[in-house]
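The values are calculated or read from the model by the stated rules, or taken from the named source; none is laboratory data. Note that the structure is predicted; figures quoted are calculated from it, not measured. A quick note on method: Cβ atoms are made from the backbone with ideal geometry, for glycine too, and the neighbour counts reach across all protein chains shown. Just so you know, the surface numbers come from the protein's heavy atoms only, side chains and all, with ligands and any DNA or RNA stripped out. Shrake-Rupley method; radii C 1.70, N 1.55, O 1.52, S 1.80 Å.
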Amino acid sequence: MRRRVLAVVSAAAGLTLATFSPAAKAYEYQQPPQAPGQGSFTQDPGELSGRPQAAAPPRELVPYAGRYAPGTIIISNEERRLYYILPGNQAIRYGVGVGRPGFSWTGTRTVAMKREWPSWKPPAQMLRRRPDLPKFMEGGPANPLGARAMYLGGTLYRIHGSNEPHTIGQAVSSGCIRMTNEDVVDLYERVKVGTRVVVQ
């Protein structure tokens, strides 16, 4: 029996309800070389105190019949998915974590800056809510921004990796878009500064 995968995506993004067959097989991730001195991308299950592990949604190649040009990023808060539009009426769909209630946002921005293993300086608003947070953290596997970050111009927000992969597919952040470290490395290599990002 042929397996068909249903791709339910937002009409507001210019994406359509579509199916694809095994002929358009799921995108297969190849593990990138490990960053020198940075340790593994994967979270040690023992570090989560025995909590049940929620698997991050798999990365997939899906059909795309919308109006956005190849190279555009579309993020659906409702679906908790990010789409990177490819030529040939296709897109790569990634699972993401999005802003929790009261912190989600919509709009169109561009990627203003890219960083590998970024350091983290929580903004003043976050420190007021969470005075227990450090004022600065060097980049590395323990850093909440993960392996890569793409900074969205005119905002405090980023598309970034995460040292909490169990949160991917949930609404948990303060407005940033979280990805697994494996997925953010994949997207980072595709995205250029100036890339259009549509959040809805």
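Counting only residues that are in contact with a Ser or Thr (Cβ under 6 Å, 6 or more places away or on another chain) and open to solvent by 30 Å² or more (accessible area, probe 1.4 Å), which one in region 170-198 is nearest to residue 147 (Cα to Cα)? Lay out the reasoning, then the answer.
To start, the set of residues in region 170-198 that are in contact with a Ser or Thr (Cβ under 6 Å, 6 or more places away or on another chain) comprises 178, 194, 196, 198.
Still in the list and also open to solvent by 30 Å² or more (accessible area, probe 1.4 Å): 178, 194, 196.
Details: 178: 11, 194: 20, 196: 21 Å.
The qualifying residue nearest to residue 147 (Cα to Cα) is 178.
Does region 142-161 contain any residue that is among the small types (Gly, Ala, Ser), touching a strand residue (DSSP E or B) at 6+ places or on another chain (Cβ under 8 Å) and on the phi > 0 side of the Ramachandran plot? Walk me through how you get there before you give the answer.
Restricting attention to region 142-161, the residues satisfying the condition of being among the small types (Gly, Ala, Ser) are 142, 146-147, 149, 153-154, 161.
Filter once more, so that each one left must be touching a strand residue (DSSP E or B) at 6+ places or on another chain (Cβ under 8 Å): 146-147, 149, 153-154, 161.
Now restrict to residues that are on the phi > 0 side of the Ramachandran plot: 146, 154.
For region 142-161, residues among the small types (Gly, Ala, Ser), touching a strand residue (DSSP E or B) at 6+ places or on another chain (Cβ under 8 Å) and on the phi > 0 side of the Ramachandran plot: present.
Here are some residues: 58, 63. Which one is at pLDDT 85 or above and over 27 Å from residue 117 (Cβ atoms)?
Among 58, 63, only 63 is at pLDDT 85 or above and over 27 Å from residue 117 (Cβ atoms).
Can you tell me how many residues in region 133-155 are without any contact (Cβ under 8 Å) to a residue 40 or more places away in the chain, under 22 Å from residue 81 (Cβ atoms) and open to solvent by 20 Å² or more (accessible area, probe 1.4 Å)?
So the count comes out to 1.
Only one of 85, 74 is touching a helix residue (DSSP H, G or I) at 6+ places or on another chain (Cβ under 6 Å), in contact (Cβ under 8 Å) with a residue 12 or more places away in the chain and of a type in the set (Val, Ile, Thr). Can you tell me which? Spell out how you get there, then give the answer.
Numbers: 85 fails: touching a helix residue (DSSP H, G or I) at 6+ places or on another chain (Cβ under 6 Å).
The unique qualifying residue is 74.
Tally time: how many residues in region 154-180 are part of a loop (DSSP other than H, G, I, E, B) and under 10 Å from the mean Cα position of the chain (by Cα)?
Initially, region 154-180 is screened for residues part of a loop (DSSP other than H, G, I, E, B), giving 154-157, 161-164, 168-170, 174-176, 179-180.
Adding the requirement that they be under 10 Å from the mean Cα position of the chain (by Cα) leaves 161-162, 168-169, 176, 179-180.
Matching residues across region 154-180 total 7.
Yes/no matrix, rows are residues, columns are (1) assigned to a loop (DSSP other than H, G, I, E, B); (2) buried (at least 17 other Cβ atoms within 10 Å of the Cβ); (3) modelled with pLDDT under 95:
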residue: 34; (1), (2), (3): yes, no, yes
residue: 41; (1), (2), (3): yes, yes, yes
residue: 51; (1), (2), (3): yes, no, yes
residue: 91; (1), (2), (3): no, yes, no
residue: 103; (1), (2), (3): yes, no, yes
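Quick test for you: out of 151, 84, 188, pick the one residue that is under 27 Å from residue 67 (Cβ atoms) and in a helix (DSSP H, G or I). Working first, answer last.
On the way: 151 fails: in a helix (DSSP H, G or I); 84 fails: in a helix (DSSP H, G or I).
Answer to the selection: 188.
Within region 108-132, take every residue that is assigned to a strand (DSSP E or B) and either over 26 Å from residue 194 (Cα atoms) or open to solvent by less than 30 Å² (accessible area, probe 1.4 Å) (or both) and give me the one that is modelled with the highest pLDDT. Walk me through how you get there before you give the answer.
In the first step, residues of region 108-132 are kept if they are assigned to a strand (DSSP E or B); the result is 108-116, 120.
Then drop every residue that is not either over 26 Å from residue 194 (Cα atoms) or open to solvent by less than 30 Å² (accessible area, probe 1.4 Å) (or both), which leaves 111, 120.
Numbers: 111: 98, 120: 80.
Among those residues, the one meeting the criterion is 111.
Kindly indicate the residue of region 156-169 that is in contact with a Ser or Thr (Cβ under 9 Å, 6 or more places away or on another chain) and within 18 Å of residue 109 (Cα to Cα) and also surrounded by the most Cβ atoms within 10 Å (Cβ to Cβ) among those meeting that condition.
157
Being touching a Lys or Arg at 6+ places or on another chain (Cβ under 8 Å) and either surrounded by 12 or more Cβ atoms within 10 Å (Cβ to Cβ) or on the phi > 0 side of the Ramachandran plot (or both) is the requirement here; does residue 85 meet it? Quick ask: steps written out before the conclusion?
Details: touching a Lys or Arg at 6+ places or on another chain (Cβ under 8 Å): no; either surrounded by 12 or more Cβ atoms within 10 Å (Cβ to Cβ) or on the phi > 0 side of the Ramachandran plot (or both): yes.
So residue 85 does not fit the description; no.
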